[in-house]
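In what follows, a single structure is set out as structure tokens and then discussed.
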Amino acid sequence: MMRIRVLTVTLTATAALLAACGYDATPLPEPQEAAASSAPPAATPVECDNATQSYSPANDKAAALKQLINKGRLVVGVSGDTYKMGFTDPTDGELKGFDVAFAQEIATALGVDLELRVILASDRIKMLDEGQIDMVARNMTVNCDRWTQVAFSSVYYNATQKVLVGTDEAAKYTGPASLAGKRVCAPTATTSVANIKKIEPDVIAVEAANHTGCLIKFQNSEVDAITGDDTVLAGLAAQDPYTAVPQQEKLTDEPYGLAFNKDDVALVKFANSVLDQMRADGRWAGIYDEWLKPTLKVDATPPAPVYGR
Amino acid sequence: MSQTATPASAPPPAAAPASAPTPATPAAAAAAAAQPGSSYVDTPALLNRWQLIGMSVVIVFGIVSALMQFVGWQSDGRAADDTEQLLRVQEVKTSLLRADALATNAFLEGGLEDPAQRKEYDDAIDGVLADIAAAAEAQPADREALAALNVEVTDYTTGVAQGRDNNRQNFPIGAEYLATASADLRASALPILDELVEANQQRAEDAMNGQHPVWLFLLGVVILAALVWLNRELARHFRRRINKGIAVAAAIVLVVTLVTVAGAWIRDSSNDSLREGEFATAVHEANARTAGNNAKAFESLRLIKRGSGSINEPRWELAAKDVADSGTRETGAWDAYTKVHQQIVELDDAGDWDQARKLAIEESGAAFQPFDDATRTAVEKNGAAATDDLRSGRWFALLLSGLTLLLGVAAGLSVARGIGERRREFS
């Protein structure tokens, strides 16, 4: 009896020892909490009646050159993925587009090299403010709020905010009311979705880093529509035959201006003089015809400048 | 059958009082045993009990000692398996980052992909998938994590494929697919791989600590003390100071203890030097290679997203610091690459993106290759040396474990025989 007990104890100890040799399952990383929206809380919009009003043009190149961050170089923040506006051409890796062409014209007029930096829409004001770039040519809308932070050139293009949907929804689209309960994507830190929500509060806002990120979400069925400037949406639609920008009323006007540090008034004045020349000598129309007309499919004339600031 | 010890029929017990009364019948013996202060001793029962205790002690010694050696044998095998698994998951991590570096570089060049580079990317992904399957087969505890990793790798390769497809149609969304896949790879797949690396490194190091010479020594000492006690008890009851059977059993226990302690100590020392030597080198070089490929991908990403130096250069520097901190011996090859990288940074920061890109395409890859090759070779060489060493001589440990069990039984029989002799003398 005793022997059996000893044997049992020994076997139990053996089993316990062998059991201790097992492995614990490799833990999986803790799922990260979804990052909170980086969009700042909506502040009271700054009211003004001269948002599109810029500084009067001046051809003082020397004064403008003095305001460049780097001698002999104009550093311009552009988009790298907004097809036809500012994008990296996959065939040669070069940055091209409507906005890039304007940046090149300003650099050429200044007689300096052009350095392009791909920036996010959310970094435009910060990078100007911190002196990382001289100018932004990235489909940036002129408004009263932004005038408190940066200085704008005269308006170089009048865009409008619209909505892109799937081709199967395009015929049924009648306006923002059609988006009730739908997921609508816009880049982080833009006011595009807020503009729609004012009209149709039941819109579900979804953010992406940029408009191309929104198109990826659309292609992956994570959103039902994308809102943004007609120029940008036309570029997105050109990359996906299953999307369309249906006939619709514009949601807002989006006048584009070249943005500068708010203290670089001489640079703004010089840019305005270059833009005036481009409007007059047909270079503006040439750039429009090359980059935007094929996708927007309408003729356009350069916006009339407003000065007096 | 119980017998009653009498001074006439047995050697006088050393400790038993000579004047002990002798009950005439079992009933009387029971009555006497019940009386306090009775000096009656049931010698055969006592001998039976001692025999049982002695046999059990040495057999338990045989079993426990053999088991400890078996566990040590198993540990060395597990350490080798865990080391292989660790290097396998490290290889998965490196291959993924290598694939990402190749994919981003292809996008940087623009136009059609270089077929050789494309093949290298495909080979890296094929290697990743094969290694994940092999790792899941090798370590069931990793399966859940590897299944999650598999999903992330599939998402990554899908993203790159979508990027490539769009790129071929000259759509800029292709670059966005690539950037998203690249970012998701780092955000979702790498943390899983980090857990796998950490878990397997811990397992390998724990398993290398599976030899227990001190326990074996203490076990031997305890068993020898028990045998000495048993011999002393016998000596107190019988005239012979040393019981031959117990002495033989004690000798067996002593020899087995000395041999097994020496064996375990040698193995333990060998594992210690392995942990600090080839194993550590393999881990360091694998860490260096992973971090190096991570840095290389950031170099391409800074140029793809033109002007993103302020974002991607700190990431490159962090990865470069990981290379430096890894303890790699391939610092010469790494420094050669970093010189080219610094030129790229200077050109890009000065606004000469075209030249920076040219340098990245034409020279950076070639400068990085020797580092990648050297660290890979070091990982393979040291990893193989570590696992070979852990597996070498294991047959001897297993043989010794089996032998210990048999010797435990033999010692048990010796104790039985030794005490049996006393019983025969008594009867």
Conditions (1) in contact with a Pro (Cβ under 9 Å, 6 or more places away or on another chain); (2) on the phi < 0 side of the Ramachandran plot -> B:Leu196 fails only (1)
Filtering the stretch A:114-141 down to residues that are of a type in the set (Val, Ile, Thr) and either assigned to a helix (DSSP H, G or I) or farther than 15 Å from A:Met85 by Cβ (or both), which residue is farthest from the other protein chains (Cβ to nearest Cβ)? A:Ile125
Condition met for B:Leu216 (assigned to a helix (DSSP H, G or I) and more than 30 Å from B:Asp335 (Cα to Cα)): yes
How about the stretch B:261-306: which of its residues are in contact with a Phe, Trp or Tyr (Cβ under 8 Å, 6 or more places away or on another chain), farther than 30 Å from B:Gly62 by Cα, open to solvent by 10 Å² or more (accessible area, probe 1.4 Å) and free of Cβ contacts under 8 Å to residues at least 60 places away in the same chain? B:Phe298, B:Arg306
Heads up, the helices (runs of 4 or more DSSP H) in the stretch A:237-309 (entirely inside) with at least 3 residues that are buried (at least 21 other Cβ atoms within 10 Å of the Cβ) are A:265-281, A:283-291
Cβ contacts < 9 Å: first residue touching a residue at least 12 places away in the same chain (Cβ under 8 Å) and farther than 16 Å from A:Asn158 by Cα, restricted to the stretch A:235-259; second residue in a strand (DSSP E or B) and open to solvent by 40 Å² or more (accessible area, probe 1.4 Å), any location; separation 6+ or different chain. Result? A:Val245/A:Lys162; A:Pro246/A:Lys162; A:Gln248/A:Lys162
Would you call A:Gly111 within 12 Å of chain B (Cβ to nearest Cβ) and of a type outside the set (Val, Ile, Thr)? no
Report, ordered by the first and then the second residue, all pairs with beta carbons closer than 7 Å, sequence separation of six or more or different chains, a first member in the stretch B:130-158 that is free of Cβ contacts under 8 Å to residues at least 40 places away in the same chain, and a second member that is of a type in the set (A, V, I, L, M) and in a helix (DSSP H, G or I). B:Ala136/B:Leu146; B:Arg143/B:Ala136; B:Asn150/B:Ile132; B:Thr157/B:Ile125
So B:Thr257 clears everything in (1) in contact (Cβ under 8 Å) with a residue 12 or more places away in the chain; (2) open to solvent by 20 Å² or more (accessible area, probe 1.4 Å) except one condition, right? Which one? (2)
Out of B:Ala324, B:Ala350, I need the residue that is open to solvent by 50 Å² or more (accessible area, probe 1.4 Å), of a type outside the set (Phe, Trp, Tyr) and touching a strand residue (DSSP E or B) at 6+ places or on another chain (Cβ under 9 Å). Which one? B:Ala350
Among the listed residues B:Ser95, B:Ser56, which satisfies the condition of being closer than 30 Å to A:Thr88 by Cα, modelled with pLDDT of 90 or more and open to solvent by 10 Å² or more (accessible area, probe 1.4 Å)? B:Ser95
Determine, yes or no, whether A:Ala159 is small (Gly, Ala, Ser), open to solvent by 20 Å² or more (accessible area, probe 1.4 Å) and within 25 Å of A:Ile196 (Cβ to Cβ). no
Which residues, taken from the stretch B:402-427, are of a type in the set (Ser, Thr, Tyr) and over 9 Å from B:Ala249 (Cβ atoms)? B:Thr404, B:Ser427
Based on this model, can you work out whether A:Ala51 counts as out of contact with any strand residue (DSSP E or B) (no Cβ under 6 Å at 6 or more places or on another chain), more than 14 Å from every other protein chain (Cβ to nearest Cβ) and within 30 Å of A:Ala208 (Cβ to Cβ)? yes
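If you scan the stretch B:228-284, which residues turn out to be within 25 Å of B:Gly418 (Cα to Cα) and among the hydroxyl-bearing types (Ser, Thr, Tyr)?
Once the filter is applied, which keeps residues that are within 25 Å of B:Gly418 (Cα to Cα) and among the hydroxyl-bearing types (Ser, Thr, Tyr), the stretch B:228-284 yields only B:Thr257.
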Close pairs from the stretch B:354-382: first within 14 Å of another protein chain (Cβ to nearest Cβ) and more than 13 Å from B:Thr281 (Cβ to Cβ), partner not in a helix (DSSP H, G or I) and not aromatic (Phe, Trp, Tyr), Cβ under 7 Å, at least 6 apart: B:Arg357/A:Gly93
Among the numbered conditions (1) of a type in the set (D, E, K, R); (2) more than 29 Å from B:Gly174 (Cα to Cα); (3) in contact with a strand residue (DSSP E or B) (Cβ under 6 Å, 6 or more places away or on another chain), tell me where A:Lys217 comes up short. (2)
Please specify each residue of the stretch B:59-75 satisfying the condition of being facing chain A (nearest Cβ under 7 Å), under 20 Å from B:Arg267 (Cα atoms) and open to solvent by 30 Å² or more (accessible area, probe 1.4 Å). B:Gln74
Consider B:Arg239 against the criteria (1) touching a residue at least 24 places away in the same chain (Cβ under 8 Å); (2) assigned to a helix (DSSP H, G or I); (3) open to solvent by 60 Å² or more (accessible area, probe 1.4 Å): it satisfies all of them except one. Which criterion is unmet? (2)
Among all residue pairs at least 6 apart or on different chains, which show Cβ distances below 6 Å where the first residue, located in the stretch B:83-94, is in contact (Cβ under 8 Å) with a residue 24 or more places away in the chain and the second is buried (at least 24 other Cβ atoms within 10 Å of the Cβ) and of a type in the set (Ser, Thr, Tyr)? B:Lys93/B:Thr290; B:Thr94/B:Thr290
Any idea which residue in the stretch B:105-124 is nearest to B:Glu363 (Cα to Cα), counting only those that are buried (at least 20 other Cβ atoms within 10 Å of the Cβ) and away from chain A (no Cβ under 12 Å)? B:Tyr121
Given (1) assigned to a loop (DSSP other than H, G, I, E, B); (2) touching a residue at least 24 places away in the same chain (Cβ under 8 Å); (3) not β-branched (Val, Ile, Thr), identify the lone condition not met by A:Asp92. (2)
Close pairs from the stretch B:194-207: first facing chain A (nearest Cβ under 7 Å), partner small (Gly, Ala, Ser) and surrounded by fewer than 19 Cβ atoms within 10 Å (Cβ to Cβ), Cβ under 8 Å, at least 6 apart: B:Ala199/B:Ala141
So which of B:Thr281, B:Thr328 ends up being more than 23 Å from A:Asp92 (Cβ to Cβ) and part of a helix (DSSP H, G or I)? B:Thr281
From B:Ala367, B:Ala397, B:Ala378, B:Ala374, grab the single residue that is open to solvent by less than 70 Å² (accessible area, probe 1.4 Å) and under 14 Å from B:Ala80 (Cβ atoms). B:Ala397
Criterion (at positive phi and modelled with pLDDT of 55 or more) met by exactly one of A:Gly77, A:Gly93, A:Gly22, A:Gly86: A:Gly93
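Among what's in the stretch B:140-189 and is part of a loop (DSSP other than H, G, I, E, B) and either open to solvent by 50 Å² or more (accessible area, probe 1.4 Å) or at pLDDT 95 or above (or both), pick the residue that is farthest from the other protein chains (Cβ to nearest Cβ).
Per the criteria, the residue is B:Gln169.
The values are calculated or read from the model by the stated rules, or taken from the named source; none is laboratory data. This structure is a prediction, so every number in the text was calculated from the model and none was measured. Because the Cβ atoms are built from the backbone with ideal geometry, glycine has one as well, and the counts that use them run over all protein chains shown. Side chains included, ligands, DNA and RNA excluded: accessible areas come from the protein's heavy atoms. Shrake-Rupley method; radii C 1.70, N 1.55, O 1.52, S 1.80 Å.
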